[in-house]
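Let me begin by presenting the structure, written as structure tokens, before commenting on it.
The values are calculated or read from the model by the stated rules, or taken from the named source; none is laboratory data. Small disclaimer: the values here were computed from a predicted structure and weren't measured. Cβ sites come from the backbone with ideal geometry, for glycine too, and all protein chains shown count toward neighbours.
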Amino acid sequence: MENLFINHLAVFVCAIANLALGALWYSPALFGKAWQKEAGLTDEQLAKQNPAKTYGLAFLFSWVMSYNLAFFLGDSATTPAWGATAGFLAGFGWAALTIAIIALFEQRSWRYIFINGGFITVYFTLIGFILGIWR
């Protein structure tokens with residue numbers, strides 16, 4: 001534990017990366033309309049949400065997730081390749097498969113699972129890379 005290093009600025013950037021990647025991933029240009037349909041959300045429902053609350057909490061949760069991965073990758077031997085690999089393993093092996101299990105019980109479609117599981121896998125891979133390169 002004495003060799004643990006956390007780059008707090010990198011963690012902050014990783015949290016911002018969640019919002020940036022999410023804005024792209026869930027945009028109409030990529031998976032936005034398909035996700036909206038699979039989630040059963042109307043334009044009216046989305047328009048009623050409180051953006052400050054939604055984005056504020058999303059940022060806070062992303063910051064916590066980024067710190068969590070940073071603690072796992074805090075060893076001085078961490079490289080960008082290992083960071084991305086560890087991020088992928090956490091994203092797919094823990095987060096995406098947890099989404100899949102919950103979605104199965106909610107009787108969601110495979111499309112829903114792939115859209116959300118894909119996002120979280122890409123996000124964790126990206127932040128693992130960022131934490132690995134920004135030592």
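Just a few scattered comments:
- Only helices (runs of 4 or more DSSP H) whose full extent lies in region 16-128 are considered here, and the ones with at least 2 residues that are without any contact (Cβ under 8 Å) to a residue 40 or more places away in the chain and more than 27 Å from ILE6 (Cα to Cα) are 32-39, 43-48, 51-72, 97-105.
The rows are residues; the columns are (1) among the hydrophobic types (A, V, I, L, M, F, W, C); (2) more than 15 Å from the chain's Cα centre (by Cα).
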site: PHE61; (1), (2): yes, no
site: VAL64; (1), (2): yes, no
site: ALA70; (1), (2): yes, no
site: LEU73; (1), (2): yes, yes
site: SER76; (1), (2): no, yes
site: THR79; (1), (2): no, yes
site: TRP82; (1), (2): yes, yes
site: ALA90; (1), (2): yes, no
site: GLU106; (1), (2): no, yes
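- Residue check for ASN3: out of contact with any Leu (no Cβ under 9 Å at 6 or more places or on another chain), of a type outside the set (A, V, I, L, M) and at pLDDT below 95: yes
- Selected residue (criterion: farthest from the chain's Cα centre (by Cα)) from residues of region 7-16 that are among the hydrophobic types (A, V, I, L, M, F, W, C) and surrounded by fewer than 17 Cβ atoms within 10 Å (Cβ to Cβ): LEU9
- Screening the candidates LEU60, LEU97 for the property of being farther than 18 Å from LEU126 by Cβ and either surrounded by fewer than 12 Cβ atoms within 10 Å (Cβ to Cβ) or among the β-branched types (Val, Ile, Thr) (or both) yields one hit, LEU60.
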